[in-house]
């Protein structure tokens with residue numbers, strides 16, 4: 001007996017099975033991405049688990065969507081849209097995309113004030129490389145954090161600047177700089193900010209340099225089995241509570257010091273602007289990168305050395321914030337790993353003042 005020929009148009013059994021798997025994986029991935037969106041963008045740091053996720057790399061979340069997208073093009077075109085939605089959610093709000101456009105030009109804005117801020121990690125990485133980048137940007141005001149162990153180097157490298165150096169904070173300018181006050185936090189027994197009055201071409205301006213406590217110390221208390229055992233969770237939650245109180249106290253101090261005057265606040269806030277730990281305490285101030293930046297603007301960490309490529313930061317925790325007395329013209333992120341943080345720069349212009 002001659003073998004029967006396959007019916008025309010009938011797919012092989014293996015193709016049907018693989019197509020079913022692709023369909024199941026697509027819907028599972030979409031559900032996972034939606035859950036991740038809720039955890040990172042809605043729950044945020046209100047829960048210890050999503051708080052920990054906030055500070056992990058987010059680019060790997062796009063891999064399942066890319067694989068499912070490619071497979072659906074070949075096997076299940078009808079569910080292509082589901083994988084496209086998953087991918088857009090990851091590369092958009094989950095990864096923190098500000099806007100999709102060309103990076104801001106580093107050319108100086110006429111009649112503007114250029115501010116550069118960076119946590120320089122006490123010069124442990126490559127202070128000369130970082131200074132070369134700062135010189136290229138040619139700022140009017142420079143706000144640095146973690147400078148307590150490299151004060152002598154800064155004096156040599158920035159000899160033509162006028163500056164105030166208090167603890168880990170360094171604020172310098174081309175014109176006169178006057179120290180105003182410092183903020184001390186009892187939550188971690190540390191200085192969180194200094195405020196200076198800087199003489200610029202636009203007049204006398206209030207500039208603050210800020211460095212708030214990191215989540216890293218709290219994460220070190222968590223154990224891999226914390227979702228089941230709860231090990232380290234109470235310690236982490238207490239650390240988060242103190243971080244929130246430190247941020248609130250620092251903002252209240254800055255508001256009191258500035259009174260009704262415009263103010264620029266630059267530094268390492270150790271939290272992204274979308275975090276529930278950031279929004280309540282820094283609302284009412286404009287984020288320069290969100291006003292005029294492009295892309296993701298990741299600033300840290302640059303020198304991981306393990307499990308992740310060097311100089312590929314994954315979270316934006318360094319910010320330049322301004323009150324209503326300023327308008328942001330341009331903002332960008334540095335390129336080098338001269339520190340564990342990339343610098344952030346912004347061109348601002350004073351708004352009309354009475």
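For the stretch 335-354, how many residues are buried (at least 24 other Cβ atoms within 10 Å of the Cβ) and in contact with a helix residue (DSSP H, G or I) (Cβ under 6 Å, 6 or more places away or on another chain)?
Within the stretch 335-354, residues that are buried (at least 24 other Cβ atoms within 10 Å of the Cβ) and in contact with a helix residue (DSSP H, G or I) (Cβ under 6 Å, 6 or more places away or on another chain) number 4.
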| said: Looking only at residues that are more than 16 Å from the chain's Cα centre (by Cα) and not in a loop (DSSP other than H, G, I, E, B) in the stretch 91-127, which one is surrounded by the most Cβ atoms within 10 Å (Cβ to Cβ)? | reply: 115
| When residues of the stretch 44-85 are limited to those that are in contact (Cβ under 8 Å) with a residue 60 or more places away in the chain and farther than 20 Å from residue 295 by Cβ, the one surrounded by the most Cβ atoms within 10 Å (Cβ to Cβ) | 51
| remark: Within the stretch 227-236, the residues that are touching a residue at least 60 places away in the same chain (Cβ under 8 Å) and either under 30 Å from residue 172 (Cα atoms) or surrounded by 15 or more Cβ atoms within 10 Å (Cβ to Cβ) (or both) are 233, 236
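Using the structure shown, decide if residue 141 is at pLDDT 90 or above and assigned by TED's automatic domain parsing to the domain that holds residue 277.
yes
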| message | So, in the stretch 182-203, how many residues would count as being surrounded by 15 or more Cβ atoms within 10 Å (Cβ to Cβ) and either touching a residue at least 40 places away in the same chain (Cβ under 8 Å) or over 25 Å from the mean Cα position of the chain (by Cα) (or both)? | response | 12
| request: Output the strands (runs of 3 or more DSSP E) that fall wholly within the stretch 136-245 and possess 1 or more residues being in contact with a helix residue (DSSP H, G or I) (Cβ under 9 Å, 6 or more places away or on another chain) and within 20 Å of residue 256 (Cα to Cα), or say none. | output: 177-185, 190-200, 203-211
| request: Test residue 107 against the criterion of being closer than 30 Å to residue 139 by Cβ and free of Cβ contacts under 8 Å to residues at least 12 places away in the same chain, and give yes or no. | output: yes
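The values are calculated or read from the model by the stated rules, or taken from the named source; none is laboratory data. The model shown is predicted, which means the values in this text are computed figures rather than measured ones. When we count neighbours, we look across all protein chains shown, and the Cβ atoms used for this are built from the backbone with ideal geometry, even at glycine.
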